[in-house]
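J.: Input: one structure, supplied below.
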Amino acid sequence: MDAFGGAPRFLAYPRTSTVPSGTNAVLKWQVAGEPRPSIAWEKDGSMLELPSGRVLVKADGDAYSLLVSQAGPADSGRYVCKAKNTVGETYAAATLKVEAAELKPKGDLEPQPPVFLNRPVSARVTRGDDVTFACRVSGRLEWEKDGRKLADIFESSHYKASTESGDWHSLHIYNARLPDAGVYVCRALNAFGEAVAAAVLLVDSVPCAPHDGLLPDAPQNCRFQKQAEGHDDKQRRHRPGQDVVPEARQNGEVFPRPPATKAFTVNEGKHAKFRCYVTGKPKPEIVWQKDGRALSPGRRHLLYEDREGYFILKVLYCTARDCGLYVCTACNTAGHTLSAVRLHVKEPRLRFQRPLVDVEVLERQDAVLECHVPLETIPTAWYLEDKRLQPSPKYLMEERGLLRRLTVRDARADDDGIYLCEMEGKGRSVGELSVHGMIVKRLPRKLDVMEGENAAFCVETQEPVEASSWSRNGQELEEAPHTLIRSFGKTHLLVLVQVTRHDAGVITFAAGESQTSAQLRVKSWSVVSTDYAHFYVRSLFPEDLIGEQIYRKVVLKNGI
């Protein structure tokens, strides 16, 4: 029992704090007790669900900090920290005052770039909800989403940007859709420079249901245009802005023909890549399926949109169980269309006598992966995805007759992944290692972005955590104009806005004793090849061979 054992007892109390609007506010407590007390927080008598939006908690031993980022007048109030254990309970309170910033008269401007007095607040909404981002800043304001102007991606009825008295600016998004999720940046400009502020929007819902066959109920103003392309037709690839010959018409209406199923073969252990080009307003929602079941992002399934506007599905390290019919469905309020391709996985001539099987362990346990080769003399190598493993205190490698065994000691979140045993030049066996702990969704091992783009990182935990942190190269990151840190329950986000080469390094998320890391690399536009989209995909997951199939190009429009 420690010196302050028993009922909870405050060792340090917070002080009443007054901060200007738009700055960060911190209230600090220190409380001890045995058993360690649980902590709850209230504001003006209402329980706070933390972390939430701009309010989060950091814990360091028995010291607790309540951080309100970009505080506004609405954050003013009486904050109470309640500590409770099996012996007793206690509480301490502090008052936070947020003073509204006063703007200078228009004729009394200083020669300086715009300054945000209030920044937009990140939000998480359900599909169909309206959402508003608001900020306060002088100067001319422009809104962007993921680096693109809103007018380029939204129809005019879907959003409204407005300016109100007191230099308040608002962005209203109506009837939020899944593709609306992303990073929204407001850019303020005047004669002396510019300033930026950012917010994240998450949209939760089940994607639109895939449709089979023809679509006789499509709206009459719906225009489908498509052009199938095989692996040998790359010289005829559609580029945005190219004309595509429409399909059959009936009474001025265009319907898609039933998709022709193409066949595609990839060697076992290699990657398969499918690309679908779809445009339209509203931006279509994409659903990928395999044998009638929807696919979600995971260890061996990557789903994303590349810079050229292609929707990508990558199946990593293919095995026989990946054979099947893959269908891409695109839908918006104008209608739906789909396309299909059948994937075959070619087995090597020399096969493993007993392949790897998937393994699940709890965090900090040892994980054992085993397989049997056909001949004792065959040399083998172990890989964690694209990284060749070497014997070390972390990795124990054993060869006994036909048996090949890899033991991963003290498995952590970043050991979760795809492991391969390779008979050099003769074939691979693939197995997945699942490490169950506090972190449910870890960071990617590598992330390449271009200078001036946004770098977004997302981690999901098993349960909401009060104390979590982000760091770069071992230095903790804090909220700043170009650094956005948000937690929504079990989802934790870090966005680096308009990155520079100084942002490169090892990005780490930590929650208690669990952590996950990613290598952030910032590329210069001057060294990018003309086939950059392909380069970008390879940089995320280096690979020996990518099979790829561009199998459907569709245009969906509302006709308004």
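The values are calculated or read from the model by the stated rules, or taken from the named source; none is laboratory data. Values in this document were obtained by computation on a predicted structure and should not be read as measured data. FYI the Cβ positions are ideal-geometry reconstructions off the backbone, even for glycines, and counts take in every protein chain you see. Surface areas here come from the heavy atoms of the whole protein model, side chains and all, with no ligands, DNA or RNA. Shrake-Rupley method; radii C 1.70, N 1.55, O 1.52, S 1.80 Å.
J.: Only one of these conditions is not met by Glu466: (1) farther than 30 Å from Ala320 by Cβ; (2) in contact with a helix residue (DSSP H, G or I) (Cβ under 9 Å, 6 or more places away or on another chain); (3) charged (D, E, K, R). Which number is it?
T.: Of (1) farther than 30 Å from Ala320 by Cβ; (2) in contact with a helix residue (DSSP H, G or I) (Cβ under 9 Å, 6 or more places away or on another chain); (3) charged (D, E, K, R), only one is false for Glu466: (2).
J.: Moving on to the next point. Just wondering, is there one or more residues in region 330-348 that are part of a loop (DSSP other than H, G, I, E, B) and charged (D, E, K, R)?
T.: yes
J.: Using the structure shown, decide if Ala71 is open to solvent by less than 60 Å² (accessible area, probe 1.4 Å), in contact with a Cys (Cβ under 9 Å, 6 or more places away or on another chain), small (Gly, Ala, Ser) and closer than 22 Å to Gly489 by Cα.
T.: no
This table checks each residue for (1) farther than 30 Å from Leu50 by Cα; (2) open to solvent by less than 60 Å² (accessible area, probe 1.4 Å); (3) modelled with pLDDT of 90 or more.
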position	(1), (2), (3)
Val497	no, yes, yes
Ile507	no, yes, yes
Gly512	no, no, no
Leu520	no, yes, yes
Asp531	yes, no, no
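J.: Give the residues of region 40-65 that are open to solvent by less than 20 Å² (accessible area, probe 1.4 Å) and aliphatic (A, V, I, L, M), sorted by residue number.
T.: Matches in region 40-65: Val57 only.
J.: How do the pairs read when you match residues in region 132-148 that are touching a residue at least 60 places away in the same chain (Cβ under 8 Å) and within 14 Å of Gly166 (Cα to Cα) with residues anywhere that are among the hydrophobic types (A, V, I, L, M, F, W, C) and open to solvent by 60 Å² or more (accessible area, probe 1.4 Å), using Cβ under 7 Å and keeping only pairs 6 or more apart or on different chains?
T.: Pairs found: Arg136/Trp168; Val137/Val115.
J.: Among (1) open to solvent by less than 60 Å² (accessible area, probe 1.4 Å); (2) within 21 Å of Ala480 (Cα to Cα), there is one condition Ala176 misses while meeting the rest; what is its number?
T.: Answer for Ala176: the failing condition is (2).
J.: Now for a different question. Taking region 75-96 as the region of interest, how many residues are outside any strand (DSSP E or B), more than 14 Å from Gly33 (Cβ to Cβ) and more than 30 Å from the chain's Cα centre (by Cα)?
T.: Selection size over region 75-96: 1.
J.: Right, something else. How many residues are open to solvent by 10 Å² or more (accessible area, probe 1.4 Å) and not in a loop (DSSP other than H, G, I, E, B) if we restrict to region 370-381?
T.: Residues in region 370-381 being open to solvent by 10 Å² or more (accessible area, probe 1.4 Å) and not in a loop (DSSP other than H, G, I, E, B): 3 in total.
J.: Right, another one. Would you please name the residue that is farthest from Asn118 (Cα to Cα), looking only at residues in region 6-43 that are in a loop (DSSP other than H, G, I, E, B) and among the basic types (Lys, Arg)?
T.: Arg36
J.: So, in region 301-322, exactly how many residues are open to solvent by less than 50 Å² (accessible area, probe 1.4 Å) and either closer than 21 Å to Ala263 by Cβ or among the hydrophobic types (A, V, I, L, M, F, W, C) (or both)?
T.: Summing the residues that are open to solvent by less than 50 Å² (accessible area, probe 1.4 Å) and either closer than 21 Å to Ala263 by Cβ or among the hydrophobic types (A, V, I, L, M, F, W, C) (or both) in region 301-322 gives 13.
J.: Count, please, the residues in region 382-404 that happen to be among the acidic types (Asp, Glu) and open to solvent by less than 30 Å² (accessible area, probe 1.4 Å).
T.: Counting residues in region 382-404 that are among the acidic types (Asp, Glu) and open to solvent by less than 30 Å² (accessible area, probe 1.4 Å) gives 1.
J.: Something else about it: Do we have any residue at all in region 278-292 that's modelled with pLDDT under 90, polar (S, T, N, Q) and part of a loop (DSSP other than H, G, I, E, B)?
T.: No: zero hits.
J.: Tell me which residues, restricted to region 347-369, are in contact (Cβ under 8 Å) with a residue 60 or more places away in the chain, of a type in the set (Lys, Arg) and either touching a strand residue (DSSP E or B) at 6+ places or on another chain (Cβ under 7 Å) or open to solvent by less than 100 Å² (accessible area, probe 1.4 Å) (or both).
T.: Matches in region 347-369: Arg351 only.
J.: Does Arg428 satisfy being basic (Lys, Arg) and surrounded by 15 or more Cβ atoms within 10 Å (Cβ to Cβ)?
T.: For Arg428, the condition - basic (Lys, Arg) and surrounded by 15 or more Cβ atoms within 10 Å (Cβ to Cβ) - is met.
J.: Working carefully through the options Ser526, Ser469, Ser539, find the one that is modelled with pLDDT under 90, hydroxyl-bearing (Ser, Thr, Tyr) and open to solvent by 30 Å² or more (accessible area, probe 1.4 Å).
T.: Answer to the check: Ser526.
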